[in-house]
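The values are calculated or read from the model by the stated rules, or taken from the named source; none is laboratory data. On a predicted model such as this, the values are computed, not experimentally measured, just so you know. Ideal geometry is used to build each Cβ from the backbone, glycine not excepted, and the neighbour counts take in all protein chains shown.
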Amino acid sequence: MNKKHIIAIDLFLVVGSLAVLAGFMGYSSPLVIAPLDGHESANSSVVFEFEKAERILIDDNIEFSSPEIIDARDNLVINLKPGVYYWKAEGFVSSEVRKLTIVSEVSLKIKNSDDKYELVNAGNTILDVDIYEKENLSGRIVLGVDESREVSGTKFIGRENEQ
C-alpha cells in the first residue's frame, strides 16, 4: 500500500468518526419543550414535555443536591407544592436547566348549609382559618388542599399556613 492510500484511509476514518460522534451527540441530547424556563403558575399540576430523555430531575436548588428522579414518559404530569424548582431532562447527556415557580393560591370558599357553613380550601396551599362569632375570635382550623369542614360563625378569614 502506498502513502496516498494510507492517508486517504486515515482521513476517511477521522472524518467518519467525527460525523458519527457529532450525529450521536446531536440526536441523543434531550429536547426540552415545556414548561418554558422561568414559567410561573398557580396550577400545581405541571405538564413536562420533552423528547429523547430517559428521566427528569426536579430539585429546589440549582445544584441538584437532592433531586427527585422521575422515569420519563410522554406528557408527564407532576403535582408540585408552591415553591421554586429547577428541572432538567437526562438521556445520553443532560439538557439545559430550567426554572419553574408554583405560586401559592389562597382560595377559601364558603357554602351556607342551614345554621352552619362549609368551608372549602379551593387553593393550592394549606390554609389557617380564623373563625369569628360577631367580632370575637371563636376558633382556628387548618384546612388542607381540597379539604372541607363544617363550622359555625359569622366571619371567616383564611391565610396561607405559616409552617
Breaking point among (1) of a type in the set (A, V, I, L, M); (2) surrounded by 17 or more Cβ atoms within 10 Å (Cβ to Cβ); (3) modelled with pLDDT of 85 or more, for Ile62 = (2)
task = May I ask you to verify whether Val77 is under 22 Å from Asp37 (Cβ atoms) and either surrounded by fewer than 16 Cβ atoms within 10 Å (Cβ to Cβ) or without any contact (Cβ under 8 Å) to a residue 24 or more places away in the chain (or both)?
result = yes
Where a residue in the range 31-42 is in contact (Cβ under 8 Å) with a residue 60 or more places away in the chain and surrounded by 14 or more Cβ atoms within 10 Å (Cβ to Cβ) and its partner, wherever it lies, is of a type in the set (Gly, Ala, Ser) and part of a strand (DSSP E or B), with Cβ under 6 Å and at least six apart = Val32/Ala89
query = Can you find even one residue in the range 84-102 that is of a type in the set (Asp, Glu) and free of Cβ contacts under 8 Å to residues at least 40 places away in the same chain?
reply = no
task = Select from the range 137-154 the residues that are aliphatic (A, V, I, L, M) and assigned to a strand (DSSP E or B) and list them in ascending order.
result = Leu137, Ile141, Val142, Leu143, Val151
request  = Grab the strands (runs of 3 or more DSSP E) fully contained in the range 36-129, keeping just those with 3 or more residues being small (Gly, Ala, Ser), in contact with a His (Cβ under 9 Å, 6 or more places away or on another chain) and not assigned by TED's automatic domain parsing to the domain that holds Arg149.
outcome  = none
